[in-house]
C-alpha cells in the first residue's frame, strides 16, 4: 500500500514519461545549488553582512526560478524546443541568480564564486560545445559587470584590489571549465555518432543476413528458418497446414542473353513485387536462388493455394516489368505440394521441385500440383 502510494505520488509529481522524469529530476537536483546559495545568504543576513530585504528578494527569486522551471518541464512545454532538457537556459538563469547573490552578500560574497563553478560543472555533461562557450562567456561578462558596479557602489565590502583578484580567478577558471565541457560534449557527440553507425551497421547486417539484396525478399537461409518454425507449429498443434511452391521464371537465361543482366535484374525485382502482391499477407515469398522463388502458403490446401499462384500469374500478365521493353512478358512455371508434418522439409521441397520440372516439361507457364507423401 505504501509503495503504491509513493509510486502514485512520484507519477503525479514527476510524470510518467521516462525522459521527462529524468529532466525534471535533474532540474530539481540542480536546485541544490540554490539551496546552498540561500543558506549562504541567510548566514550573511544573520551575521549582519546582508540586509533582510535583500535576503527576501534573493530567496524569492530563487523560489520563483525553481518552481518556474519545474512547471515548464512538468507541463511539457520544453518538448517544443530543440533541447528539451533546456540545459543552457537553466544554467544561464542560475548564473544570473548567483551573480545577484554575489552582489548582495557583502563581505561573504567571495564564497559564491564556488557556486559559479558548480553550476558550470553541473552542465558539463549535457551542454553542446556552442552552449558551453556561451555559458562561459556569459559568466565572465556578467561577473565583470557585477564586480565593476560593486567596486563603485560598495567599495567597503568590494575593495577594488580584492575584486580584481576575484575577476582574474573567474576569468581563468570559467573558460577552462567551459573548454572542458565543450571537449566532453564533442567527445560525447562523436561517441553517439559511432553508436548510431554501429546500430545502423547491425541493422544492415541483419537485413543482409535475412534478405535478398536484389529483390528485398527473404533469402534462402532465412526462409529455411521460417519453414522450420511453421513445421514445428504444425507438429505441436496439428493446425495451420501449409503448402510449398517452387516458382521459376520461364526462359530467364534468354532475357539475360538478349537484353543484358541489368534488364534481368529489373525483371527479378518487379517479378518479386508483383507475385508478392498476388499472395496473401500470411504467405511468405523468398528468393530461392537465381530466377527461382519459393512460396510458403499458410493455412491452406494445394487446390486453394493454387488460386493465389494463378492470381499472381494474372497480375504478372497484366503488368509491365520493364518499362523500356513493354513487350517483354515473362511467365513462370510452378511446382506445388502440401507439407506433411511427419516429413523432413527437404523432402517436401524436393517434391515441389519435381512438380516444377513437370510444369516445365508440360509447356511452362503453368502449375503442377504434386500430392503430399502419405505416411
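The values are calculated or read from the model by the stated rules, or taken from the named source; none is laboratory data. Please read these numbers as outputs of a predicted model, since none were measured by experiment. Neighbour counts are summed over all protein chains in view; Cβ atoms, including those assigned to glycine, are modelled from backbone coordinates with ideal geometry.
Some notes on this structure:
- Once the range 252-263 is narrowed to residues that are surrounded by fewer than 21 Cβ atoms within 10 Å (Cβ to Cβ) and touching a helix residue (DSSP H, G or I) at 6+ places or on another chain (Cβ under 8 Å), the residue that is nearest to residue 332 (Cα to Cα) is 252.
- The range 231-247, subset surrounded by fewer than 21 Cβ atoms within 10 Å (Cβ to Cβ) and in contact with a strand residue (DSSP E or B) (Cβ under 8 Å, 6 or more places away or on another chain), residue nearest to residue 313 (Cα to Cα): 241
- Being surrounded by 14 or more Cβ atoms within 10 Å (Cβ to Cβ) and out of contact with any helix residue (DSSP H, G or I) (no Cβ under 8 Å at 6 or more places or on another chain) is a description that does not apply to residue 318.
- Flag if residue 292 is in the same structural domain as residue 363 (by TED's automatic domain parsing), modelled with pLDDT of 95 or more and touching a strand residue (DSSP E or B) at 6+ places or on another chain (Cβ under 8 Å): yes
- Taking the criterion of being more than 30 Å from the chain's Cα centre (by Cα) and either modelled with pLDDT of 80 or more or part of a loop (DSSP other than H, G, I, E, B) (or both), the only residue of the range 1-33 that qualifies is 1.
- Considering the range 188-214, the residues that are in contact with a helix residue (DSSP H, G or I) (Cβ under 9 Å, 6 or more places away or on another chain) and touching a residue at least 12 places away in the same chain (Cβ under 8 Å) include one that is surrounded by the most Cβ atoms within 10 Å (Cβ to Cβ), namely 212.
- Candidates 206, 229: the one that is modelled with pLDDT of 80 or more, within 37 Å of the chain's Cα centre (by Cα), assigned to a helix (DSSP H, G or I) and more than 30 Å from residue 95 (Cβ to Cβ) is 229.
Every residue, every condition in (1) within 19 Å of residue 267 (Cβ to Cβ); (2) in contact (Cβ under 8 Å) with a residue 60 or more places away in the chain, yes or no:
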{"residue": "314", "(1), (2)": "yes, no"}
{"residue": "338", "(1), (2)": "no, yes"}
{"residue": "345", "(1), (2)": "no, yes"}
{"residue": "357", "(1), (2)": "no, no"}
{"residue": "370", "(1), (2)": "no, no"}
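- For the range 138-158, the tally of residues that are surrounded by fewer than 13 Cβ atoms within 10 Å (Cβ to Cβ) and over 52 Å from the mean Cα position of the chain (by Cα) stands at 4.
- Condition met for residue 177 (within 27 Å of residue 59 (Cβ to Cβ), assigned by TED's automatic domain parsing to the domain that holds residue 36, surrounded by 15 or more Cβ atoms within 10 Å (Cβ to Cβ) and within 35 Å of the chain's Cα centre (by Cα)): yes
- When the residues of the range 215-230 are filtered to those that are in contact with a helix residue (DSSP H, G or I) (Cβ under 6 Å, 6 or more places away or on another chain) and within 13 Å of residue 289 (Cβ to Cβ), the one that is surrounded by the most Cβ atoms within 10 Å (Cβ to Cβ) is 217.
- Conditions (1) over 17 Å from residue 211 (Cβ atoms); (2) crowded, with 17+ Cβ neighbours inside 10 Å; (3) in contact with a strand residue (DSSP E or B) (Cβ under 7 Å, 6 or more places away or on another chain); number of the one not met by residue 275: (1)
- Whichever residue in the range 341-359 is over 42 Å from the mean Cα position of the chain (by Cα) and surrounded by fewer than 18 Cβ atoms within 10 Å (Cβ to Cβ) and, among such residues, is farthest from residue 224 (Cα to Cα): 358
- Residues considered: 92, 127. Of these, the only one that is assigned to a loop (DSSP other than H, G, I, E, B), assigned by TED's automatic domain parsing to the domain that holds residue 41 and either touching a helix residue (DSSP H, G or I) at 6+ places or on another chain (Cβ under 7 Å) or surrounded by fewer than 14 Cβ atoms within 10 Å (Cβ to Cβ) (or both) is 127.
- Matching option when the condition is farther than 24 Å from residue 145 by Cβ, surrounded by 12 or more Cβ atoms within 10 Å (Cβ to Cβ) and over 37 Å from the mean Cα position of the chain (by Cα), among 43, 57, 70: 43
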